Amino acid sequence: MPDDDEVLSGGNSSAVHRRGDEVHRTTGPWTPTVHRLLEHLHSRGVTFLPRPLGVDEQGREVLTHLPGAVPAYPMPAHVWAPAVLATVGWWLADVHAASRGFLAAALDPGGQPGEPLVWQQPVREPAEVVCLNDVAPYNAVFDDDGALTGWIDVDTAAPGPRAWDLAHAAYRFVPLSGVDGHGAGAPDLARYRRRLTALCQAYATSGDEVAVTPADVLATLGPRLEALADDAEARCTAGAAHLEGHAEHYRAEAAWLAEHEAELAEPPVAQLVVVNGPIASGKSTTAAALAAAATSLGRTAAVVDVDDVAEAVAAPGAGASGLWLSAHHAHGALVARWLRTPLDVVVAVGPFHSPAERAALVDELPPGTAAHWVLLDAPVETTLERAQADPTRGTSKEEAFHRERHERFRRLVPGSSELRSAQVFDTSTTSTDEVVAAVLAAMGWRPAPTG
């Protein structure tokens, strides 16, 4: 090995050396085909993969080096960020869309010249696209901010169904696994459902915008895991000692998937936090802080406020038009729709004081929704002072109206069934940070392990 060669980590197969801005790797019979594929993908704007530069004096392939860090198990927290999962879906769709032209040209006798296509992995029917076959965190490159910037090691590429490739990406990046060792925390089927749906939605909005459903992925993943097991077993028998135990691992994962597939196939339902309280008790501030905390923990969040929905009614407004309860019903429907998306958490902001206001929310919730109620309170003198100091407020800063609304709150809320188990905070003595910390603890939210 030349003195200026640097051995690189990452990838999942052959030895890799870096020389300046070049990467040198052992070749195989499939290398010319993979190089042609990479050139084609780059010509179609897929630039997050290495570009082939030929072969070196030792007969090794030469590729461009993608700057950044390639993580290892247990993966650091940034690998599981929602933005990374979405990027995986977008990029895989882009590769698949661009690869269709490569296959069409290669299969056309009057088209692309060169050697016949040779692949390391079997061609699987229907050969819709070229599958990369090993999209995984250990083949991903991240920058210093934790953003996904590239993929490496595409030797295992081969034609196959879209779902075949997306199933492997879901196994690695959701991760659809029964093992607590990836760095993503203990297996969590509810969260896996949301992340799988998010991955499929991202895939369907890029490339040629072809939908692959979570059901398609789950139906494909069992055979995909068995194929991984068979491949690892064959390579281990042929002398690949580093794959010892892999076949047994993949078959155990296939058994775990078969046990939980029906539950994983259920529609995702986000977690719901309901923030209630009188005027100027800190509802909106607390909701925004909860959403920010969820984001910092690697979750996706939406805040849906009754007041924002009510403001959609043109002047003189929902209240003056007799449409206040209608605004609550519209709000409940919007909350319910967000709950049925891949979001991790929806924060619904009240007031939900009367039985009719609470029913407008609760009656819309999807089956299985577990609402976590948070009740904020403060003395009326405190909330009135806050309201009058807020230049954005209108009627709510008028003393008579403000006091009447507080009286209504105290008359209607005590004893309501939804609020008997609520977390209650006096925001005149408890800070927003303290409220958020208490709610996070009650819901069991914890940062993802950093590895």
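The values are calculated or read from the model by the stated rules, or taken from the named source; none is laboratory data. Bear in mind the structure is a predicted one, so any value in this text is a computation, not a measurement. Because the Cβ atoms are built from the backbone with ideal geometry, glycine has one as well, and the counts that use them run over all protein chains shown.
May I ask you to verify whether Arg224 is touching a helix residue (DSSP H, G or I) at 6+ places or on another chain (Cβ under 7 Å) and either of a type in the set (Phe, Trp, Tyr) or surrounded by fewer than 20 Cβ atoms within 10 Å (Cβ to Cβ) (or both)?
Values: touching a helix residue (DSSP H, G or I) at 6+ places or on another chain (Cβ under 7 Å): yes; either of a type in the set (Phe, Trp, Tyr) or surrounded by fewer than 20 Cβ atoms within 10 Å (Cβ to Cβ) (or both): no.
For Arg224, the condition - touching a helix residue (DSSP H, G or I) at 6+ places or on another chain (Cβ under 7 Å) and either of a type in the set (Phe, Trp, Tyr) or surrounded by fewer than 20 Cβ atoms within 10 Å (Cβ to Cβ) (or both) - is not met.
Per-residue answers, yes or no, for (1) under 19 Å from Asp307 (Cα atoms); (2) more than 38 Å from the chain's Cα centre (by Cα):
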site: Ala356; (1), (2): yes, no
site: Val380; (1), (2): no, yes
site: Ser431; (1), (2): no, no
site: Val439; (1), (2): no, no
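Assigned to a loop (DSSP other than H, G, I, E, B), surrounded by 20 or more Cβ atoms within 10 Å (Cβ to Cβ) and either at pLDDT 95 or above or of a type in the set (D, E, K, R) (or both): which single residue out of Pro159, Pro175 fits that description?
Details: Pro159 fails: assigned to a loop (DSSP other than H, G, I, E, B).
Of Pro159, Pro175, the one residue that is assigned to a loop (DSSP other than H, G, I, E, B), surrounded by 20 or more Cβ atoms within 10 Å (Cβ to Cβ) and either at pLDDT 95 or above or of a type in the set (D, E, K, R) (or both) is Pro175.
Determine whether the stretch 385-398 contains at least one residue that is closer than 20 Å to Ala327 by Cβ and exposed (fewer than 12 other Cβ atoms within 10 Å of the Cβ).
Yes, some residue in the stretch 385-398 is closer than 20 Å to Ala327 by Cβ and exposed (fewer than 12 other Cβ atoms within 10 Å of the Cβ).
For every residue, the table says whether it meets (1) closer than 30 Å to Ala389 by Cβ; (2) β-branched (Val, Ile, Thr); (3) at pLDDT below 95; (4) crowded, with 21+ Cβ neighbours inside 10 Å.
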| site | (1), (2), (3), (4) |
| --- | --- |
| Ala258 | no, no, no, no |
| Ala262 | no, no, no, no |
| Pro267 | no, no, yes, no |
| Val273 | yes, yes, no, yes |
| Gly277 | yes, no, no, yes |
| Lys283 | yes, no, no, yes |
| Ala288 | yes, no, no, no |
| Ala293 | yes, no, no, no |
| Ala302 | yes, no, no, no |
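Counting only residues that are surrounded by fewer than 18 Cβ atoms within 10 Å (Cβ to Cβ), give me the strands (runs of 3 or more DSSP E) lying completely in the stretch 8-83 with at least 3 of them.
52-55
Condition test on Leu189, is it surrounded by 16 or more Cβ atoms within 10 Å (Cβ to Cβ), outside the structural domain of Val347 (by TED's automatic domain parsing) and either farther than 25 Å from Asp363 by Cα or not small (Gly, Ala, Ser) (or both)?
no
Mind checking which residues of the stretch 423-447 are free of Cβ contacts under 8 Å to residues at least 60 places away in the same chain and more than 17 Å from Leu272 (Cα to Cα)?
Phe425, Asp426, Ser428, Thr429, Thr430, Ser431, Glu434
When you go through Ala157, Ala140, Ala127, Ala167 one by one, which is the residue that is out of contact with any strand residue (DSSP E or B) (no Cβ under 8 Å at 6 or more places or on another chain) and not basic (Lys, Arg)?
Criteria check complete, one pass: Ala167.
Take the conditions modelled with pLDDT of 95 or more and in contact with a helix residue (DSSP H, G or I) (Cβ under 9 Å, 6 or more places away or on another chain) and apply them to Trp30. Does it pass?
no
Pick out, from the stretch 368-451, the helices (runs of 4 or more DSSP H) lying fully within it that include 1 or more residues that are β-branched (Val, Ile, Thr).
380-388, 432-443
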